[in-house]
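First up is the structure itself, then whatever we jot down about it.
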Amino acid sequence: MNKLFENALEALQGLESGMTVMVGGFGLVGAPLTLIEALCETGADNLTIISNNLGEPGGKGLSKLLALGRIRKAIGSYFTSNPEVAAARERGELEIQLLPQGTLAEAIRAGGAGIGGFFTPVGAGTLLAEGKEQRVIDGRLHVLEAPLKADFALVRARSADRYGSLAFEKTQNNFNAAMSMAGRVTVAEVDEILEVGDLAPERIDVPHLFVQRLTPARIRIEDVKTVAEMLG
């Protein structure tokens, strides 16, 4: 089965308005910048985005999708890095679900592992726990958190073989591996695509069974400022 799409926009076929989309990375670091640009071109709107944060000011990364008015709801933990997110929320244009960062990571992992939920003491007894089940475990209050899954997961990897096995490098490990397993359709942009057998088994972080599509990474973090300026 050929999973390689040379055109990132074609790799997103089937991504429609109203869907939930996971986007890996931490801000711009380790983010699938090529796929984010393609996502902006799809025209899909009313999206729920699950990501640690929504890019950086000035149309960088997911911030461009926000500026286009395509995001209805954002689920993440570090939105304060982009003042445009707070402004959109204040205008009533964006709904935000805030999760502690460790809880966010575990909820994504639980979604990929098929776990129905988990109890954590983080956030228990605070505003973040409103409307959620809470119980005392080992003498400490815990809150029940639901798993997170998505229609599409967009991730960035250093290497992949043509079957879709992924290997991450350094900060690419931020959310990308967990999200790869929590999407109904996982699309990975990669720096290098290898033949089957050329990726050493001990280097594989995500098996090919979780990855449906691959596309070459054509935008790097050092190019984002230039790309954002060119695209307005």
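The table for this structure:
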quantity	calculated
Amide N of the range 41-76 lying under 11 Å from the label point, which is placed 7 angstrom from the Cα of ARG91 along Cα→Cβ	66-70
FRET efficiency, SER17 to ALA200 (Cβ-Cβ, R0 30 Å, nearest 0.05)	0.15
Calculated FRET value between ARG140 and ALA113, using beta carbons and R₀ = 25 Å, to 0.05	0.55
Cα-derived Rg to Rh of the chain, Kirkwood definition	0.98
DSSP bridge pairs, the chain: antiparallel proportion in percent, nearest 5	30 percent
Loop sites in the range 10-47: GluC sites (Glu not before Pro), DSSP, at most 16 other Cβ within 10 Å	GLU16
Cβ-based net charge around ALA44, under 12 Å, with every Lys or Arg adding one and every Asp or Glu removing one	-2
Whole-number percent relative contact order across the range 55-160, with pairs defined as alpha carbons under 8 Å at least 6 apart	20 percent
Percentage relative contact order, the chain, counting C-alpha pairs under 8 Å, at least six apart	23 percent
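Taken together, the values in this text are just the output of simple stated rules run on the coordinates, not laboratory data. Nothing here was measured: the structure is a model prediction, and the numbers come from that model. In this analysis, Cβ positions are derived from the backbone assuming ideal geometry, glycine residues included, and neighbour counts consider all displayed protein chains.
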